[in-house]
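For reference, the structure is listed below as structure tokens.
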Amino acid sequence: MIPLPLVLTLVLQGTTPKAEQDDDTKDLPVQDLRCGKNEKQRYFLIGPRKEAKTPKDGFGLLVVMPGGDGSAEFHPFVKNIALHGAGDSFLTAQLVSVKWKPDQTIIWPTKGNPVPKMEFTTEEFAEAVIAEGRKTQKIDPERIYTLSWSSSGPAAYAISLREKTPVRGSFIAMSVFHPNELGSLKSAAGRAYYLLHSPEDKTCPFRDSEEALKALEKAGAKATLEKYEGGHGWNGPVFPMIKKGLAWLDESRKKK
């Protein structure tokens with residue numbers, strides 16, 4: 001089971017599934033790593049399982065940026081995402097957010113929404129993790145996706161809009177959309193976006209995802225907005241919902 005202290009923390013943040021999972025992730029290979037020995041660029045690389053066969057074109061890489069406080073405390077939940085949502089065709093990299101100052105309110109700072117004294121943006125952090133993963137694992141360059149929710153959604157949009165980003169698809173759940181922090185959406189053309197949001201969300205307005213869908217499609221992106229019930233947080237059949245979103249990104253990649 002997901003440890004009780006973590007469940008309570010995530011429930012208070014409104015970002016955890018209501019149903020706990022049996023702990024069948026204990027044998028899942030996990031590495032606690034740092035990019036280029038930079039202690040502030042911490043991430044967990046999850047998988048592959050011993051019995052997993054390397055896909056012909058390589059594993060997909062799912063870069064997860066947790067919502068809430070973005071801390072390492074989300075690791076049990078992300079391992080369940082890796083096992084029950086992404087599956088054996090993906091490796092999962094969980095980024096750990098950096099606290100640049102004690103009273104920091106922006107969990108995942110970006111170029112367009114920075115915090116004082118930060119040494120790198122979330123965009124740079126994610127791309128460093130992807131580059132490192134491609135050096136050590138056989139990665140399919142067409143199946144590099146991000147998974148974000150709530151506080152990390154704005155950073156996922158920013159990453160996806162980098163002119164030469166390696167990210168091909170973005171799964172963004174229950175988040176806000178602030179185009180004034182993103183600059184031009186021109187780079188969204190041809191890239192895929194799976195948006196997941198509850199119309200009853202009182203924390204991050206559903207209209208933000210509706211606006212994002214319109215803006216991304218206008219820019220030439222492949223985008224869809226999936227609704228779920230229950231308001232802000234991971235409500236309902238969480239891992240099947242994640243699996244469905246990743247399958248949609250895969251299908252979009254095929255329809256070039």
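The values are calculated or read from the model by the stated rules, or taken from the named source; none is laboratory data. All values derive from a computational prediction rather than experimental measurement. Note: ideal-geometry Cβ built from the backbone for every residue, glycine included; neighbour counts use all protein chains shown. Just so you know, the surface numbers come from the protein's heavy atoms only, side chains and all, with ligands and any DNA or RNA stripped out. Shrake-Rupley method; radii C 1.70, N 1.55, O 1.52, S 1.80 Å.
Going through the cross-link list Lys26/Lys79; Lys222/Lys244; Lys79/Lys243; Lys222/Lys254; Lys79/Lys222, which pairs have a Cα-Cα distance over 19 Å in this structure?
Values: Lys26/Lys79 9 Å; Lys222/Lys244 16 Å; Lys79/Lys243 14 Å; Lys222/Lys254 12 Å; Lys79/Lys222 28 Å.
Over 19 Å apart, Cα to Cα: Lys79/Lys222.
Rg to Rh ratio, region 13-138, alpha-carbon atoms and Kirkwood radius? Write down the numbers at each step before the final one.
Details: Rg = 15.2 Å, Rh = 15.5 Å.
Here the Rg-to-Rh quotient is 0.98.
What ³J(HN,Hα) values, in whole Hz, does the Karplus curve 6.51 cos²θ - 1.76 cosθ + 1.60 give for region 69-80 when θ = phi - 60°, with x put for Gly and Pro?
Each residue's phi maps through the Karplus curve to give 8, x, 7, 5, 5, 7, 4, x, 5, 5, 4, 5 Hz.
Given a 10 angstrom Cα cut-off, can you work out which residue in Pro55, Pro66, Pro154 is the most mobile in a GNM of the chain?
Pro55
Could you tell me which of Gly68, Gly183, Val98 has its Cα farthest along the dipole of the chain towards the positive end, charges placed at Cβ (Lys, Arg +1; Asp, Glu -1), taken about the Cα centre?
Highest projection toward the positive end goes to Gly183.
Against the empirical 2.2 N^0.38 Å scaling, what ratio does the C-alpha Rg of region 187-245 come to? Present the calculation step by step, with values, prior to reporting the outcome.
Details: Rg = 12.1 Å, N = 59, 2.2 N^0.38 = 10.4 Å.
Here the Cα radius of gyration is 1.17 times the empirical estimate.
Heavy-atom accessible area per residue, the chain, 1.4 Å probe: how many Å²?
Here the per-residue accessible area is 47 Å².
What distance in nm separates the two pseudo spin-label positions at Asp88 and Arg162, each 7 Å out from Cα along the beta-carbon direction?
3.2 nm
If you take every DSSP beta bridge whose two residues both sit in the chain, what share of them, in percent to the nearest 5, is antiparallel? Let's see the in-between values first.
Values: 9 of 36 bridges.
Among the beta bridges of the chain, antiparallel pairing accounts for roughly 25 percent.
Rounded to the nearest 20 debye, what is the charge dipole size of the chain about its Cα centre when +1 sits on each Lys and Arg Cβ and -1 on each Asp and Glu Cβ? Intermediate values should be presented prior to the final figure.
Values: 36 positive and 32 negative charges, 187 e Å.
Result for the chain is approximately 900 debye, rounded to the nearest 20.
Using a 1.4 angstrom probe on heavy atoms only, work out the carbon and sulfur share of the accessible area of region 147-212 in %. It would help to have the intermediate numbers written out before the result.
Numbers: 1170 of 2430 Å².
About 48 percent, which is the carbon plus sulfur part of the accessible surface.
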